[in-house]
Amino acid sequence: MAPRKKSDFLTEVELEFMSALWSLEQGSVRDILGALAPTRNLAYTSAATIMRILENKEFVTSTRDGKTFIYRPVLTKDTYQTRSLKNLSAKLFDDTPASLVARLVDDDELSAEAIEDIRALLDRRLKNDRD
């Protein structure tokens, strides 16, 4: 069997597990299962398989503590968010970040408060670039 190609992106379930691990900073399969939504009813073996997949994809690393593996994220949530947004911008918005932002702010469901928050972020970025 050929080795699996390393992916730079997470599936929906993998992202759910990574989000739990990012919030924990490190943890065993049981810790991660405990951090998932209470309605998430997943067998331990299924969760362990997902963690092994994440390790094979080089999103996590593990150390052994007795019979238990302790998992740690290899990259931060911020780093993954940046990677994902760059990919989304490239694939869906013709590598034009302004188009991505325009789509976001043109959303009718975006509150005036959210728009003001975005404006403040842009103003701060412009100020920092000038300094």
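The values are calculated or read from the model by the stated rules, or taken from the named source; none is laboratory data. Just so we're clear, the structure is a prediction, and the values are computed from it rather than from any experiment. Quick reminder, even Gly has a Cβ in these numbers, built from the backbone with ideal geometry, and neighbours come from all protein chains shown. We work out accessible area using only protein heavy atoms, side chains counted, and drop any ligands, DNA or RNA first. Shrake-Rupley method; radii C 1.70, N 1.55, O 1.52, S 1.80 Å.
Sort through ARG83, ARG103, ARG72, ARG64 and tell me the only one that's of a type in the set (D, E, K, R), touching a residue at least 60 places away in the same chain (Cβ under 8 Å) and open to solvent by 70 Å² or more (accessible area, probe 1.4 Å). Talk me through it step by step, then tell me what you get.
Values: ARG103 fails: touching a residue at least 60 places away in the same chain (Cβ under 8 Å); ARG72 fails: touching a residue at least 60 places away in the same chain (Cβ under 8 Å); ARG64 fails: touching a residue at least 60 places away in the same chain (Cβ under 8 Å).
None of the other options fit; the residue is ARG83.
Scan segment 35-44 for residues that are open to solvent by 30 Å² or more (accessible area, probe 1.4 Å) and either touching a Ser or Thr at 6+ places or on another chain (Cβ under 7 Å) or in a loop (DSSP other than H, G, I, E, B) (or both) and jot them down. Give the derivation first.
From segment 35-44, those open to solvent by 30 Å² or more (accessible area, probe 1.4 Å) are 35, 37-44; that's our starting set.
Correct list: ALA35, ALA37, PRO38, THR39, ARG40, ASN41, LEU42, ALA43.
How many residues, within segment 18-34, are among the acidic types (Asp, Glu) and not in a helix (DSSP H, G or I)?
Going residue by residue through segment 18-34, those that are among the acidic types (Asp, Glu) are 25, 31.
After this cut, where a residue has to be not in a helix (DSSP H, G or I) as well, the list is 25.
The number of residues fulfilling the criteria is 1.
When you scan segment 110-130, do you find a residue that is exposed (fewer than 10 other Cβ atoms within 10 Å of the Cβ), outside any helix (DSSP H, G or I) and more than 22 Å from the chain's Cα centre (by Cα), even just one?
Yes, segment 110-130 has at least one match.
Look through segment 86-100, keep the residues that are among the hydroxyl-bearing types (Ser, Thr, Tyr) and over 19 Å from ALA114 (Cβ atoms), and return whichever of them is surrounded by the fewest Cβ atoms within 10 Å (Cβ to Cβ). First the steps, then the outcome.
Filtering segment 86-100 for residues among the hydroxyl-bearing types (Ser, Thr, Tyr) gives 89, 96, 99.
Checking the rest, the ones that are also over 19 Å from ALA114 (Cβ atoms) come to 89, 96.
Working: SER89: 17, THR96: 11.
This residue is THR96.
Looking at (1) more than 23 Å from the chain's Cα centre (by Cα); (2) in a helix (DSSP H, G or I); (3) modelled with pLDDT of 90 or more, which is the one condition that is false for ARG83?
(1)
Name the single residue, out of those in segment 45-61 being within 20 Å of LEU33 (Cβ to Cβ) and not hydrophobic (A, V, I, L, M, F, W, C), that is least open to solvent (accessible area, probe 1.4 Å).
Top of the filtered list is LYS57.
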